[in-house]
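**Student:** The structure follows.
Each value in this text was obtained by applying a stated rule to the coordinates, not by laboratory testing. No experiment lies behind these values; they were computed from the predicted model shown. Here the Cβ positions follow ideal geometry from the backbone for every residue, glycine too, while neighbour counts run over all protein chains shown.
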Amino acid sequence: MSTAEEISDLLVSNFGTDPLAIAPEVPLHQLRLDSLALEELRLLIEDRMGVDLEDVQLTSRDTWGRLVDSIHGKVAA
């Protein structure tokens, strides 16, 4: 499963996000991810993918594509 698929799966299963709403240009706030939800998602990603995201800084104004790129960079490293 790709990084994007892993994160999409977490969003759908844990936050009830509509899979059709997930696209690279979509801001995270449009996926109903506020700062608290982003922190919860970060912890879920760390547990599931075995990466440390402490230094990844994202806000709800960042896009889905930026989130995936940030995580992918950590997974590839």
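**Student:** Tell me what the chain gives for mean residue ellipticity at 222 nm when only DSSP H runs of n ≥ 4 count, each as -39,500 (n - 2.57), the sum divided by the residue total, rounded to 500 deg cm²/dmol.
**Tutor:** -17000 deg cm²/dmol
**Student:** Sticking with this structure for a sec: Debye sum, Cα scatterers, the chain, no solvent: what log₁₀ I/I(0) at q = 0.13, 0.19 1/Å?
**Tutor:** Once normalised to I(0) and log-transformed, intensities are -0.31, -0.71.
**Student:** If you place +1 on the Cβ of every Lys and Arg and -1 on the Cβ of every Asp and Glu, how big does the dipole about the Cα centre of the chain come out, in debye to the nearest 20?
**Tutor:** 160
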